[in-house]
Amino acid sequence: MYLELFYLLFCFITCLFCILLNSCRRPTNFPPGPNWLPFVGNTPLLKKLSRKLGGQHNAFSYLAKKYNSDVVGLKLGSQLFVVVNSESLIKQVFSRSEFQARPDNFFIRLRSMGQRKGITMTDGPLWQEQRSFALHHLRDLGFGKLVMEDLILEELKNMLAKLGAGGEVVWNQILAPSVLNVLWTLATGSAFQSDDVRLTSLLRLMEQRSRAFDMAGGVLSQLPWLRHVAPDFSGFTLIQNLNNQLSQLLQDTIDEHKKTLQEGVDRDYIDVFLHQMSVTNGEPTTFTEDQLIMVCLDFFIAGSQTTSNTLNFALTNMILHPDICKKVQLEIDHVLGSRKISSMADKNRLPYTEAVLLESQRFQHVVPISGPRRVVSDTKLDDFHIPEGTTVLINVRDVHHNTEKWGDPEIFRPERFLDSSGKFCPQELYLFSCGKRRCLGESLAKNFILLFFASILRNYTMSPSPGKPIPTLDPIPGITLSPMPNTVLLSPR
């Protein structure tokens, strides 16, 4: 009997040893990178490097240099990851069909309320149909046209009225509600009131979400079992709270639309979607209320913080570079004249302003790691073997700070986007991804940033607030990079 127990124990230990050994083995010709541990992989190392170096993007850059490779192979939890750091390889990932899918893991499904719905984090026929529908009907609703410009200008006027005679402001608190209101109006047909507690709650939760996770999904994606033992630490509670609040808010809004829906009248995106739902005649369809909620959620998550943070960094750069700010204001004053608010008709006459905004986004891109891709079949990248199911992360920050391409990437120099005659001359950046998965909200973001930036500088001079810390570009890391809550002083012009 004792001998049998010994054999059983021996077999158990041997099997466990083989499992552990196999879990640490790198696939054949997998990209170089650090050795990984059983079960957790490189998760502890990546978290340590991210804390030490100020963000996941900096950790990836460090590993690329350490292993002298533009492709770095990792294992986070039980999942294989590849990080791409060079422009030529990034273009391949953006364009090749085997890299067009999204990961299907616990974090992605939790983000989508336990389902594979929406647009941003789906793929295949669902993604194709819903993306095409959204692009077509957002254009019809005025996305990129005068209707959208009117929404932005209305929000801009409200913001300038609140700022009034200036004084101390924290841009984080001013800009984010304005962006969310424009998005909310496009989707639902009405804006939040400034004192609406729902707006304050949503902004707080989305800010917390941005800080709690990274583009790899954080520990919740890599070690999903942590939600059972540490729901707050892992971010599970936060995502659940955000899901519940947004889902209920959107469901209430959809129910109100149903009561007032009129055939042939499309007031907003919810109306358009509901009309499409009504023509399915009971056939299987991707047009469901759950899908509508997730598409709206995609709009808000993808567009609100990225746009407000980009504008915030640009305004902070003007405080840190007052000589450049003066040149921007001279150009804006010349073009606007006595007008206090800019319009999109001014765009082509503001080449230096556009160059400053593009340089600010290159200098401090708020999404340094582009959205994750899932490899749908075994493939090769830079002669390395990338197994099916691997998640690919795209380190665009390295491209935007590549010395060979930019010469002096750590210097804020808007002139790099101007030709010898002072004409705006944009170079390719990856601010809104590229290829078939290019960001749906690109036109909204660009227009919002230009109109708000030009109008704020037309109306106010900005300076460090006396007695407060000098504003800094040091970001708060997370899924997106957020500016510190800098306090600045506005003086009317």
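The values are calculated or read from the model by the stated rules, or taken from the named source; none is laboratory data. Every value quoted in this text rests on a predicted model; they were computed, and no experiment measured them. No Cβ is skipped: glycine too gets one built from the backbone with ideal geometry, and neighbour counts run over all protein chains shown. Heavy atoms of the whole protein, side chains included, go into the accessibility calculation; ligands, DNA and RNA do not. Shrake-Rupley method; radii C 1.70, N 1.55, O 1.52, S 1.80 Å.
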Give me the percent of accessible area attributable to carbon and sulfur for the chain, probe 1.4 angstrom.
56 percent
Amide H contacts of GLY41 (H built 1.01 Å from N, under 5 Å, at least 5 apart or other chain):
GLY77
Quote the relative contact order of the chain in percent (integer), defining contacts as alpha-carbon pairs under 8 Å separated by 6+ residues.
23 percent
Once both labels are modelled 7 Å past Cα along the beta-carbon direction, what's the ASP383-ASN68 spacing in nm?
1.4 nm
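Calculated from DSSP H runs of 4 or more alone, at -39500 (n - 2.57) each and per residue, what is the 222 nm mean residue ellipticity of the chain, nearest 500?
Value at 222 nm, helices only, nearest 500: -17000 deg cm²/dmol.
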Charges on Cβ only, +1 for Lys and Arg, -1 for Asp and Glu, centred on the Cα centroid of the chain; of GLN240, VAL71, ALA345, which one is farthest towards the dipole's positive end?
VAL71
Between SER421 and LEU320, how high is the FRET efficiency from 1/(1 + (r/R0)^6) when r is the Cβ-Cβ distance and R₀ = 22 Å? Nearest 0.05.
0.20
Excluding residues fewer than 8 positions from LYS258 in its own chain, the aspartates and glutamates with Cα under 20 Å of it are ASP266, ASP268, ASP271, GLU289, ASP290
Just to confirm my numbers, what's the Cα centroid distance between segment 347-361 and segment 26-75 in Å?
36 Å
Between ASP232 and GLN208, what is the label-point separation in nm under the 7 Å Cα-to-beta-carbon projection?
1.0 nm
Which percent, to the nearest 5, of DSSP beta bridges fully inside the chain are antiparallel?
85 percent
For segment 75-89, 3J(HN,Hα) per residue [Karplus equation, 6.51 cos²θ - 1.76 cosθ + 1.60, θ = phi - 60°, Hz, x = Gly/Pro]:
10, 10, x, 9, 9, 7, 10, 10, 10, 9, 10, 10, 5, 5, 6
If I model a spin label at LYS91 and ARG139 as a point 7 Å from the Cα along the Cα→Cβ vector, what separation in nanometres do I get?
2.6 nm
Student exercise, segment 56-199 dipole from Lys, Arg, Asp, Glu Cβ charges, in Debye to nearest 20
620 debye
Counting only heavy atoms of the protein chains, get the accessible area per residue of the chain (1.4 Å probe) and round it to a whole Å² value.
45 Å²
Of LYS327/LYS436; LYS340/LYS446; LYS52/LYS380; LYS65/LYS446; LYS446/LYS468; LYS340/LYS468, which sit over 27 Å apart, Cα to Cα?
LYS327/LYS436; LYS52/LYS380; LYS65/LYS446; LYS446/LYS468; LYS340/LYS468
Given charges of +1 on the Cβ of Lys and Arg and -1 on the Cβ of Asp and Glu, with all other atoms neutral, how large is the dipole of the chain about its Cα centre, in debye to the nearest 20?
1020 debye
